Amino acid sequence: MDLKHNARQLRSNMTDAERHLWYYLRGHRFLGLKFKRQKPMGRYIVDFICLEYRLVIELDGGQHQEQVARDAERDRYFIKQGYRVLRFWNHEVLGETDSVLEVIRRAVVEPR
């Protein structure tokens, strides 16, 4: 499995929720922070990452209800690497954008 190739494919085929959140995170628009999207990390590809604040953001669609154990394994991996993981449902990103951005803001400005 070529993670770089898969990440490139994911970047060009973003979900509506990913595209929507990326609008707010890209180009240092959000608090001046640099976010990357569909970034390979270990054997995984994260949806969004802020390396400076060691923050991973994952967006979950309906299929994630069936893969809770796999998502928990991914989260444990990222946490072991020293990252904080935030997960949002796609419908939250699309319908409650301000709340999602506030959770992200708090994750970078407030101590754990």
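The values are calculated or read from the model by the stated rules, or taken from the named source; none is laboratory data. All of these numbers come straight from a predicted model, not from anything done at the bench. Glycine gets a Cβ as well: all are built from the backbone with ideal geometry, and neighbour counts include every protein chain shown. Surface accessibility is based on the protein's heavy atoms, side chains included, excluding ligands, DNA and RNA. Shrake-Rupley method; radii C 1.70, N 1.55, O 1.52, S 1.80 Å.
Details
- Distances between placed amide hydrogens fall under 5 Å for Trp89 paired with Asp60, all partners being 5 or more residues away or on another chain.
- GNM result for the chain, Cα springs below 10 Å: residue of Asp60, Asp98, Asp75 fluctuating most strongly: Asp98
- Subtracting the Cα-Cα distance of Tyr44 and Arg70 from 0.36 nm times their residue separation leaves 8.2 nm of extension gain.
- 3J(HN,Hα) from dihedral phi, the stretch 45-53, Karplus parametrisation 6.51/-1.76/1.60, rounded to Hz, x for glycine, proline: 10, 8, 5, 9, 8, 10, 5, 4, 9
- Ordering Ile49, Met14, Leu94 by the projection of their Cα atoms onto the charge dipole of the chain, which places +1 on the Cβ of Lys and Arg and -1 on the Cβ of Asp and Glu, puts Ile49 at the extreme positive end.
- Relative contact order of the chain: 22 percent, from C-alpha pairs under 8 Å at least 6 residues apart in sequence.
- Fully extended contour minus Cα-Cα distance, from Arg54 to Tyr23, at 0.36 nm per residue: 9.1 nm
- Here the sum of -39500 (n - 2.57) over DSSP H runs of 4 or more residues, divided by the residues of the chain, equals -14000 deg cm²/dmol at 222 nm, to the nearest 500.
- Accessible surface for the chain, divided over its residues, is 61 Å² per residue with a 1.4 Å probe.
- For Asp16 and Lys80, a Förster radius of 25 Å and the Cβ-Cβ distance give a FRET efficiency of 0.20, rounded to the nearest 0.05.
- Screening the chain for DSSP H helices whose Cα atoms reach 15 Å or more along their own axis and whose mean Kyte hydropathy is at least 0.0 gives 97-109.
- Correct option for Cα extents along the principal axes in Å [calculated from the coordinates] among (i) 38, 31, 26; (ii) 39, 36, 27; (iii) 35, 29, 26: (iii)
- Estimated dipole of the chain in Debye, rounded to 20 [Cβ of Lys and Arg +1, of Asp and Glu -1, Cα centre]: 680 debye
- Built amide H within the under 5 Å cut-off of Met41, gap 5+: Val46
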